[in-house]
Amino acid sequence: MDEVIQVTQWLSSITPRKKAKLFFFTTHADAPSPMVGSNDVDTHEETQLPLATTVALHNFKNIDEFLKKKVSTFSCYNEIENEITKTDYEYLRFYSACKYLDVVPPFLDLEKISTIQNKFEMTDEERDYRLLLDSADLVLEKVCDSLKPAGVSQMWTALRKDRNLIRGVKTIDIIGFFVDPNPTGIKQCLFFFIVRFLQKADKINRVNTNRLERLIAQCDESSSCEEGKTLDFIIDSLRFYPTELYPFGFCLIMCVIEGRDGAMQEIEKTMEISRHLGMVTHTEKNPTKETIELVKKELMKPKYQFYSSFTCWFMSHGDSNSMVLADGETIEREWFLTSFPDISTFQLKPQVFFMVSCRGANKFSLKGDEFEGQSATCDYYDIGSALIRNRMLDITDSVRDISYVQPMMDTLVAYSTILDHLSGRANTHGSIYVDRACVLMSENISRGRSLTEILEHLSQDLHEILQETMDEDRIVYKQACHYDSFFRKTLKLPYTRHPKEDVHSAPQ
């Protein structure tokens, strides 16, 4: 059959809602860089004009033409080039979006997909199409689905009132002031236009969504929310780090085994909980400084742009400032922690570090006969007052910026003990901190808990446990853990483990 006829038949089988979503996912705002052709970024016309004309004319002709052009580009594309190109990235995004929406063209060359995945050096685990979807876009899709057409229309009216923001933007004028978002698919097109416009104007990104939240907050709740949804619910969904679908993120486990009883148990526990959370996991036993440098180089590869989060467990001996590696050399803990957030592939994404080592020799010792022989070391804004609000600074958009970010932002560092103190371990089961952390994370899947809530529970749980030194003094003591957070959003554990199997409900 002629390719033109095939493409026409394929487009005619897609509902307007799904066309709008396919266009949105395909014009993803944050393409990986650097890569060949990355300078040819999507222009204003490519990403916003088709949405604007569709809303203004109630006609999907321009979106259809955009999708036809994409299919034509991919059918003619020679994927054999050695370097990763912008088209490689777009092809994977297009395929994953089609798969997610259950509209994969029957004529799409899946062998090209496999070849491109080879160029990205993807493992079998990483070839799951859900990895290729952008979690931030999936959250925005859910926000759109939670709003009625009237709600999106009210957002548009509020946006139009910001004259400084919209001045001179032709696509804004194409849509006009008054919009009828009720025809099928028009609500989605208008909402996605607002999102892409704010992204291009550097007003929102995957972490900074305040400007979008303020537009939603101006809606009338009684007419703007779908049944069962509220404005608070919708806004709250934007205040979590986007980690939708599988995988939850990439997990790196580094563990020094030499001279550390129970180290293999630590590896098994952290691998089990990471996989249970739906993470793709990599383990490095007995790391050296060379190992760390090689891992950092690996994490800079383009494929890691597809991950939604990064978690690292580092388990070794240590003192107040440094950690002992497998070859006996030491590295400064601060150097380790500050070198990973600089990796561009995980910028604007949550990065969690579990630092499991002693930070000194001090211990919170317990005195008294009742403690002898007892230990677990053995194997058995909403400001409601207008008065208060009126006293607050009026922070205008002109003094806000989301372009420049401190490297440590969106990072959380969890320490197994406080400065200058021991980090306890059991004879065969390894770190007690690792054991309790894995137990609590496992127990809290499906409860909607955030990571910081679990770490606070862990702090309480660990500090209740009596431990005993393994030297001849047999001192009974307690351990206190803590964390430093630079998070700008809340990181929730997934409600259920995301299976690797290709199972999902196709969106409407």
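Before we move on, is SER322 hydroxyl-bearing (Ser, Thr, Tyr), over 16 Å from the mean Cα position of the chain (by Cα) and modelled with pLDDT of 85 or more? First the steps, then the outcome.
Numbers: hydroxyl-bearing (Ser, Thr, Tyr): yes; over 16 Å from the mean Cα position of the chain (by Cα): yes; modelled with pLDDT of 85 or more: yes.
Answer is yes for this residue.
For region 202-319, which fully contained helices (runs of 4 or more DSSP H) count at least 1 residues that are surrounded by 22 or more Cβ atoms within 10 Å (Cβ to Cβ)? Talk me through it step by step, then tell me what you get.
On the way: elements: 210-217, 221-224, 231-237, 263-276, 289-299.
Counting at least 1 such residues, we get 210-217, 221-224, 231-237, 263-276.
With the condition kept exactly as written, say whether any residue in region 496-506 is at pLDDT 80 or above, over 21 Å from the mean Cα position of the chain (by Cα) and exposed (fewer than 14 other Cβ atoms within 10 Å of the Cβ). Walk me through how you get there before you give the answer.
Within region 496-506, the subset at pLDDT 80 or above is none.
Looking for residues that are at pLDDT 80 or above, over 21 Å from the mean Cα position of the chain (by Cα) and exposed (fewer than 14 other Cβ atoms within 10 Å of the Cβ), one finds none in region 496-506, hence no.
Considering only region 7-58, how many residues are open to solvent by 20 Å² or more (accessible area, probe 1.4 Å), at pLDDT below 90, in a helix (DSSP H, G or I) and not charged (D, E, K, R)?
Counting residues in region 7-58 that are open to solvent by 20 Å² or more (accessible area, probe 1.4 Å), at pLDDT below 90, in a helix (DSSP H, G or I) and not charged (D, E, K, R) gives 1.
Among the residues that make up region 356-369, is at least one of them at pLDDT 85 or above and not in a loop (DSSP other than H, G, I, E, B)?
Going residue by residue through region 356-369, those that are at pLDDT 85 or above are 356-360.
Adding the requirement that they be not in a loop (DSSP other than H, G, I, E, B) leaves 356.
Within region 356-369, one or more residues are at pLDDT 85 or above and not in a loop (DSSP other than H, G, I, E, B).
Return the only residue of ALA158, ALA136 being over 28 Å from the mean Cα position of the chain (by Cα), modelled with pLDDT of 90 or more, part of a helix (DSSP H, G or I) and over 30 Å from ILE5 (Cα atoms). Steps first, please.
On the way: ALA136 fails: over 28 Å from the mean Cα position of the chain (by Cα).
Among ALA158, ALA136, only ALA158 is over 28 Å from the mean Cα position of the chain (by Cα), modelled with pLDDT of 90 or more, part of a helix (DSSP H, G or I) and over 30 Å from ILE5 (Cα atoms).
Considering each residue of region 88-109, count those that are open to solvent by 30 Å² or more (accessible area, probe 1.4 Å) and assigned to a helix (DSSP H, G or I), and give that number.
Filtering region 88-109 down to residues open to solvent by 30 Å² or more (accessible area, probe 1.4 Å) leaves 95, 99, 102, 104, 106-107, 109.
Among the residues that remain, those that are also assigned to a helix (DSSP H, G or I) are: 95, 99.
Within region 88-109, residues that are open to solvent by 30 Å² or more (accessible area, probe 1.4 Å) and assigned to a helix (DSSP H, G or I) number 2.
Within the bounds of region 337-349, is there any residue that is over 18 Å from the mean Cα position of the chain (by Cα) and closer than 23 Å to ALA480 by Cα?
Step one: of region 337-349, the residues over 18 Å from the mean Cα position of the chain (by Cα) are 337-339.
Now drop any that are not closer than 23 Å to ALA480 by Cα, which leaves 337.
Yes; the residues of region 337-349 include at least one that is over 18 Å from the mean Cα position of the chain (by Cα) and closer than 23 Å to ALA480 by Cα.
Go through (1) within 26 Å of THR283 (Cβ to Cβ); (2) under 26 Å from the mean Cα position of the chain (by Cα); (3) modelled with pLDDT of 85 or more for ILE402 and report which single condition fails.
(1)
So MET254 passes all but one of these: (1) of a type outside the set (Ser, Thr, Tyr); (2) within 23 Å of the chain's Cα centre (by Cα); (3) farther than 30 Å from HIS282 by Cβ. Which condition number does it fail?
(3)
Take the conditions in the same structural domain as CYS438 (by the TED database) and either modelled with pLDDT of 95 or more or within 18 Å of the chain's Cα centre (by Cα) (or both) and apply them to LEU277. Does it pass?
Numbers: in the same structural domain as CYS438 (by the TED database): yes; either modelled with pLDDT of 95 or more or within 18 Å of the chain's Cα centre (by Cα) (or both): yes.
Criteria met by LEU277.
Any residue at all in region 141-149 that's surrounded by fewer than 21 Cβ atoms within 10 Å (Cβ to Cβ) and small (Gly, Ala, Ser)?
Yes: one or more hits.
Could you tell me whether SER423 is at pLDDT 85 or above, within 17 Å of HIS317 (Cα to Cα), crowded, with 19+ Cβ neighbours inside 10 Å and touching an Asp or Glu at 6+ places or on another chain (Cβ under 8 Å)?
Numbers: at pLDDT 85 or above: yes; within 17 Å of HIS317 (Cα to Cα): yes; crowded, with 19+ Cβ neighbours inside 10 Å: yes; touching an Asp or Glu at 6+ places or on another chain (Cβ under 8 Å): no.
No: the conditions fail for SER423.
Within region 436-460, which residues are open to solvent by less than 30 Å² (accessible area, probe 1.4 Å) and part of a helix (DSSP H, G or I)?
Hits for region 436-460 are ALA437, CYS438, LEU440, MET441, ASN444, LEU451, ILE454, LEU455, LEU458.
Return the only residue of PHE192, PHE178, PHE197 being of a type outside the set (Val, Ile, Thr), at pLDDT below 95 and either buried (at least 21 other Cβ atoms within 10 Å of the Cβ) or not assigned by the TED database to the domain that holds LEU231 (or both).
Details: PHE192 fails: at pLDDT below 95; PHE178 fails: either buried (at least 21 other Cβ atoms within 10 Å of the Cβ) or not assigned by the TED database to the domain that holds LEU231 (or both).
Exactly one of PHE192, PHE178, PHE197 is of a type outside the set (Val, Ile, Thr), at pLDDT below 95 and either buried (at least 21 other Cβ atoms within 10 Å of the Cβ) or not assigned by the TED database to the domain that holds LEU231 (or both), namely PHE197.
The values are calculated or read from the model by the stated rules, or taken from the named source; none is laboratory data. Since we're looking at a predicted model, the values are computed, not measured. Here Cβ is always computed from backbone atoms with ideal geometry, including for glycine, and neighbour counts include all displayed protein chains. The protein model used for the area step is the full one, side chains on, heavy atoms only, and it has no ligands, DNA or RNA in it. Shrake-Rupley method; radii C 1.70, N 1.55, O 1.52, S 1.80 Å.
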